[in-house]
Each structure stands twice: as structure tokens, then as C-alpha cells.
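Enquirer: Below you will find the structure I want to go over with you.
What follows draws every value from the coordinates through simple rules; no lab data is involved. Note that the coordinates shown come from a computational prediction; the quantities given were computed from them, not determined experimentally. Positions of Cβ are backbone-derived with ideal geometry, glycine not excepted, and every protein chain shown enters the neighbour counts.
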Amino acid sequence: MRRATATAALFVAWASLASVGTEAFAAGLNPAQEPQQAQNRSTIVDGIAVRIEGDVLTESEINELTAFQKLVDGKSNSRADAIRELTDQWVVKNEAQNSRFARPSAQDVSEALQGLAGQFGSEDALHQKMAEVGLTETAVRRQLELQIYLNRFLDYKFRAAAQVDEKQIKDYYSGEFTQQAKANGQPVPPLDDVHAEIHRLLTERIVTDRATKWLDDTRVRLRIEILPNAGGS
């Protein structure tokens, strides 16, 4: 899945999960099946990691985000990168809440969870990986719900102004698209066959670029205090 920029990467990464068309789990994964290792892991005393305006971000939020990143990407970001990611999430979430933007439904989250299980090949494989990274199903659902919510709001905020014209589509087709196809040893399909896909891709790039600029501009105006990590890692 293409991630156009590092700043908005997490929000963009779950766009496909927000629109999964398959049926949701009838009742979700059974809570009784939550990874025992995650339930039994050592209790970590929570603490404030970041003060942002009149709010705080906690060490447990950092730990959960980095564990979720390891679950879906196979690796987690550094603490500094996770704090930046959580700060961006805080910005988007607060604006979405102030706009009374609708939260994803339970079915949306279940469909996203089903899509995630599909990426691992089975529910059992997903549960095993969840146990390895120390996440319960509740935590995974919470992260999925947040990613869907943030991504949908960014799409709502910026897509209407993301205009793509025919020249941009033709330029992309004759340039980057054709070069990539040839580099991969694939035939170049007619423009008409890929017109809609190119339009969608270029639109998503514009949305991501605008969202990234908005986040960059907003972040520098925030009062942010990052506290030392009491855990020392």
C-alpha cells in the first residue's frame, strides 16, 4: 500500500480497511480468545509522556501505538516518532470531535479487523501475532477505530478541494505509470482502462499532501512539552 508521506502515513495506511466490502464477523473475535500473553504481561505504571495544550498523552498510548505499528508493519517507530504521530492524531481527533464528525460503527471496526486477519491468513495467525506484540483484541479494535475515524475525517476535510484534471492524468500515465509498468516487465494497459484508478491515486496524493501541510502548520503553533521517559527506553 502506497504511503505518500511520513507525516500522514498511519492515517492513509488504513484507508482500505475503512472501506472493506466483505461481511463483518458476526460477533467479532471472541473476547475470551484474547491473547493470554497480552493479558498476563507485566503491568506498566502509566505516566504522562507529553503535555499538549491543556491535554496529555500517556506512556501507555505510546506503547499501544508502537505495538500496533509492529503488528501491522512488522516494526515499530521510535518513541520520538510515536510522539509525533500521537500529536498529529491529537490534532485531527480534536478537530473531528469539534466538527461532530461521526465515529465509525462497530461493523466498520469488525470489517477492518476481518481485513487485518485476512492479511495474516487467518484469525489464529492474527491472535498469535497480537500475543507476540502484547496487544489484546480490545486494544487492536481501539486502534482500528481511531485510524478509520481520522482517515475519514481527513478525507472529508480535504477531498472536495482535491481537483485532478485530464492533463495531470495523462502526464502521470505517460510518465510515472508507464515507467513503473515497464520496469516491472508488465504491459502498459490503455489509458481508458486505468483512467479511474489514476484519478483516484492522484486525488489521494493531493488529499495527503494537503493534510500533511495542515498538520505541519498546526503542529508548530501548539504548546507541546515532551517529558523524559521514566522507563528509560
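Enquirer: Could you pull out every one of the aspartates and glutamates with an alpha carbon less than 18 Å from that of Lys167, ignoring same-chain neighbours closer than 8 positions?
Expert: Correct list for Lys167: Glu176, Asp192, Asp193, Glu197, Glu204.
Enquirer: Which order do the peptides 194-202, 163-171, 136-144 come out in when sorted by mean C-beta neighbours inside 10 angstrom, highest first?
Expert: 136-144, 194-202, 163-171
Enquirer: List the pairs from Lys93/Lys129; Lys70/Lys213; Lys75/Lys129; Lys70/Lys93 whose alpha-carbon separation is above 24 Å, in the order I gave them. If you can, show how the numbers build up before the last one.
Expert: On the way: Lys93/Lys129 28 Å; Lys70/Lys213 26 Å; Lys75/Lys129 12 Å; Lys70/Lys93 22 Å.
Table pairs above 24 Å Cα-Cα are Lys93/Lys129; Lys70/Lys213.
Enquirer: Neighbour counts of other C-beta atoms within 10 Å: give me Val72, Val220 arranged from fewest to most. Display every interim value, and only then the final one.
Expert: Numbers: Val72 20, Val220 8.
If I rank by nearby Cβ atoms, fewest first, I get Val220, Val72.
Enquirer: Could you tell me which residue out of Ile62, Ala80, Ala106 lies farthest along the dipole of the range 61-128 toward its positive end? Charges go on the beta carbon: Lys and Arg +1, Asp and Glu -1, centred on the Cα centre.
Expert: The one lying farthest along the dipole's positive direction is Ala80.
Enquirer: Another question, then. Put one equal scatterer on each alpha carbon of the range 111-231, apply the Debye formula with no solvent term, and list log10 I(q)/I(0) at q = 0.13, 0.16, 0.20 1/Å to two decimals.
Expert: Per q value, in the given order, log10 I(q)/I(0) is -0.89, -1.04, -1.07.
Enquirer: In terms of the Cα gyration tensor, with a ≥ b ≥ c the square roots of its eigenvalues, is the range 152-223 rounded because a/c is under 1.5, prolate because a/b exceeds b/c, or oblate?
Expert: prolate
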